[in-house]
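Below: the structure, in structure tokens.
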Amino acid sequence: MNPSHPLVAEIITIRGKVQGVGFRPFVYRQAKRHGLCGWVRNTNAGVTIFCEGERLRLEAFRTELESQAPPASAIESLSVEPAEPNGFPGFDILQSLDISDDITEISPDIAVCEACLADMHCQPHRISYPLINCTNCGPRFSIVKSLPYDRSNTTMAPFPMCDTCASEYADILDRRFHAQPVACNRCGPVYELWIDGKPVVQSVSEILRYAADLIQQGGILAVKGIGGFHLVCSASDDEAVRSLRLRKGRESKPLAVMFRDIEKARDAVSITPVEEKQLLSWQRPIVLLSQRIDPVLSLAPSLNSGLDTLGVVLPYMPFHYLLLDELTIPAIVLTSGNLTSQPILTETAEAIRTFRPITPVVISHQREIQNRVDDSVVHQIGGQGRLVRRARGFVPDPIPVSLPVDGILAMGGELVNTFCLGKGNRAYLSQYIGDLKNIETQEFYRIAIGRFLDLLRLEPSLIVTDLHPEYHSTKHGRELHEKHGETGKKIPFIQVQHHHAHIASCMAEHGLSERVIGIAFDGTGYGTDGHIWGSEFMAADLKCFERISHFEYLMMPGGDKAAEEPWRMALSALYSVYGKDLPSRGIPMMDLIPEEKSSWILQMLDQQVNTPLSCGAGRYFDAVAALMGLCMTAGYEGEGPMKLEALTQQGIEEAYPVESGETIPLKETISALVADLRSGIPPEVISTRFHNTMARAIVRQTIWIREQTGLDRVVLSGGVFQNRYLTERVLRDLELEKFNVYLQTKAPPNDGGLSLGQLVIAASRRKGRR
Ligand code: ZN
Ligand code: ZN
Ligand code: FE
């Protein structure tokens, strides 16, 4: 050692997403390059590095740790402490260490990388190996049982590595160095073909050929994926698609399509640069894209009847690539393997049993799914990528927030549920759980909450739920509250209003805490007046909100039934304008509902029997969709509004009359729309005019609120803002009026983002009390 370059040592602690993303080997290689000695290890705090060497080299090393980190990693903080040089002879990667109660990041599942796809054609032990992976790709969250992230704590534990895999795993220069799920044809889990519940022993090439033949002959099969099963059939064969719908009991909900590659997808849909990035991202979500008016490739019409968008996903598992290679058709349907409103299946035996009425053919693999995780769904609004469903590829990455949320468990809503846990200043939004009215989903919910608490090593110290007393999430939150926490006392419990939570969810990701104008438009949420809300204009901060205005209430004849059957809302809207003497001529809906049904509903409305009040914007969209004959009974949540949106056209600027005020009446809007229907105005024009009216109502009302409050930051949230036409128009017009407008990108604006809002409201109220 040159005495003019004395040896110094330091301990570097890195927090963030640094496990399961090839971070330790990266540290090793950088250390070697700079001739530094010491070690690196995963800890529950993140990654800890001890290194010693010359000062300048240490500094260069530290800079590169941040500037050259692996693509799927995300460093949140890097701290340095001086240490005593130890005289280490080299640099080592040490066993993971359980040292603290602090948590670290688990990576989401990563789509297979290009290098692995190439290896699948040339590495002798991995020729066509359909579960190939490396440090840069493969399963993560879906296979993790506990931390630290080591093979023994994943569902790969039962598969000891062969000598070749073990030597790659141990070779610092290999791309599979310390890749926990590394495997090959000799040692790894394999794919299996089950027909009529019996295993058919075959090679992967035989399985692929069998599957391809079946698909091309119009058959349906179930295939195990990363986070659950899918049902698969040809995307060009309308008969196959219709038969899949019939058997699955999924009448009308659009089905996602997997294309061989982005070029093939362009034959059917148009793709913007933002959407291209989403399609090709390592998260590989389903992207909602506009269908081409002049498609080169014609797909089965019943994939998405009545809509102008198509859910498109590119292959993300090695098996997908192999299967699409085997097929002559360019695209397959890839829809979640579940029965209506139940969670997707993850276990082979269960899949064989459950899918029997749908298909006798189940293709499975032996790598168990520990954490169920659906495909994520995204789209583009206002030039940015937005989430519709946040699951595979995104979970469990945390969302950083600007206040301490530690120990808070937010239970979420009822439909499209997610829950959210706080650790430090990070919000861990769960994967999409689903519809909690369903018993199987409730079980998934409870299990997933338990797993998240374990993985984050958390004991909840505060529970927050929606105000709705009948939500399963509220009831389960209460049960947890009754249980004793660590201190032997009940865990504190609070409830927050649904639409306030929507607004807070958006505020959280933008770091907003001061009062804003919040506009929450959705279908349903329990209001503080006992009525159903959903067209809320409020002044809100993270602690509380003041409801300033909303649409006029409509009666919901039959309660919840009216949300499922939009024609009931249409009758209610008509009744609000005309009373019992409804106009019928020229209204398409009137020919679609039997006389006795409508007179029975009119009686309900007249006598106000079982007619709870709702001002949900979604209900008004429902009513209009039904009036126009687009959707009488909703086959899925939002069907009416989505079909209505599909009719909108650019270039139509007129709107119906609408007023502003504390209660915004829509009677004039409805009567003008009815007049249009009766005079035979084309549906595209009527739909666009209605959308324009909604946008105008929002903009005028927001200006009115600014005049009274002086606030000029506007936060938009709620499921209605998944409507691209409406949201882009509102965004444009509000910005023209010099408002600062905030929309979500990290959590969905629908109820899938609700728990994030609940979490930060709870944190803010707790902070206020302390
Ligand atoms: Zn790879
Ligand atoms: Zn092997
Ligand atoms: Fe909502």
Size-normalised alpha-carbon gyration radius of region 1-160, reference 2.2 N^0.38 Å = 1.14
task = Could you tell me whether region 15-74 comes out rounded, prolate or oblate from its Cα gyration tensor? Rule is a ≥ b ≥ c as square roots of the eigenvalues, rounded for a/c under 1.5, then prolate if a/b exceeds b/c, otherwise oblate.
result = prolate
query = In terms of Cα to Cα distance under 16 Å, which aspartates and glutamates are near enough to Lys248, apart from those fewer than 8 places away along the same chain?
reply = Asp238, Glu239, Glu350
key: Largest-first principal axis extents, alpha carbons of region 133-244, Å   = 51, 27, 26
remark   = Eigenvalues of the alpha-carbon gyration tensor of region 108-158, times 5 and square-rooted, give semi-axes in Å, largest first, of 23, 12, 7
task = Grab every C-alpha pair in region 363-427, bin the distances at 5 angstrom width from 0 up to the longest one, and report whole percents.
result = 4, 13, 16, 21, 20, 14, 8, 3, 1, 0
Residues listed by number, region 382-411, amide nitrogen under 19 Å from Ser79 label point at 7 Å toward C-beta = 400-407
key: Whole-Hz couplings from phi, Karplus 6.51/-1.76/1.60, listed for region 714-720; x for Gly and Pro   = 10, 10, 10, 8, x, x, 4
request  = Give me the distance between the Cα centres of region 595-629 and region 663-691, rounded to whole Å.
outcome  = 17 Å
remark   = Given backbone amide H placed at 1.01 Å from N, residues whose amide H is under 5 Å from that of Val312, ignoring those fewer than 5 places away on the same chain, are Val257, Val287, Leu288, Leu289
query = What's the tally of Lys pairs in region 511-647 whose alpha-carbon atoms lie under 23 angstrom apart, where the two lysines are 8 or more places apart or on different chains?
reply = 4
message = Using helices alone, I'd like the mean residue ellipticity at 222 nm for the chain: each DSSP H run of four-plus residues gives -39500 (n - 2.57), total over residue count, nearest 500.
response = -10000 deg cm²/dmol
request  = For region 284-411, compute Rh as the Kirkwood radius over C-alpha pairs and then the Stokes-Einstein diffusion coefficient at 37 °C and 0.692 mPa s; write the answer in µm²/s, rounded to an integer.
outcome  = 183 µm²/s
ask   = Of all DSSP beta bridges in region 456-572, what percent run antiparallel (nearest 5)?
value = 75 percent
task = May I ask you to derive the FRET efficiency for Glu114 and Asp163 from their Cβ-Cβ distance with R0 = 30 Å, giving the value to the nearest 0.05?
result = 0.70
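Arg55 to His484: FRET efficiency via 1/(1 + (r/R0)^6), r the Cβ-Cβ distance, R0 56 Å, to the nearest 0.05?
The computed FRET efficiency comes out at 0.60.
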message = Using the Cα atoms of the chain, I'd like the radius of gyration and the largest Cα-Cα distance, Dmax, both in angstrom.
response = 27.7, 100
remark   = Neighbours of Leu480 by Cβ distance under 12 Å: Lys/Arg at +1, Asp/Glu at -1, summed charge +2
ask   = How much length, in nm to one decimal, is gained on full extension between Val201 and Lys667, taken as 0.36 nm per residue of separation minus their Cα-Cα distance?
value = 161.1 nm
query = So what's Rg/Rh here for region 258-311, counting alpha carbon atoms and using the Kirkwood radius for Rh?
reply = 0.94
ask   = Under 5 Å between amide H atoms, partner at least 5 residues away or on a different chain: which partners does Ala427 have, H built in plane at 1.01 Å?
value = Ile399, Val401
key: Binned Cα-Cα distance frequencies in region 509-621 - 10 Å width, integer %   = 14, 40, 26, 13, 7, 1
remark   = Two pseudo-spin positions, 7 Å from Cα along C-beta at Arg209 and at Arg769, lie apart in nanometres by 6.8 nm
ask   = Tell me, what is the FRET efficiency for Glu707 and Glu653 to the nearest 0.05, using R0 = 30 angstrom and their Cβ-Cβ distance as r?
value = 0.75
remark   = Listed by chain and number, the residues whose amide H is under 5 Å from that of Asp92, excluding neighbours fewer than 5 places away on the same chain and using placed H, are Gly38, Trp39, Val40
query = With the contact rule set at Cα under 8 Å and sequence spacing of 6 or more, what percent relative contact order holds for the chain?
reply = 11 percent
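Given Cα pairs under 8 Å that are at least 6 residues apart, what percent is the relative contact order of region 658-770?
Dividing the mean separation by the residue count of region 658-770 yields 22 percent.
Every read-out reported here was derived from the displayed coordinates using simple, explicitly stated rules and does not represent laboratory data. The structure presented is a predicted model; accordingly, all values stated were derived computationally and were not measured. Positions of Cβ are generated from backbone atoms using ideal geometry, with glycine treated the same way; all protein chains shown enter the neighbour counts.
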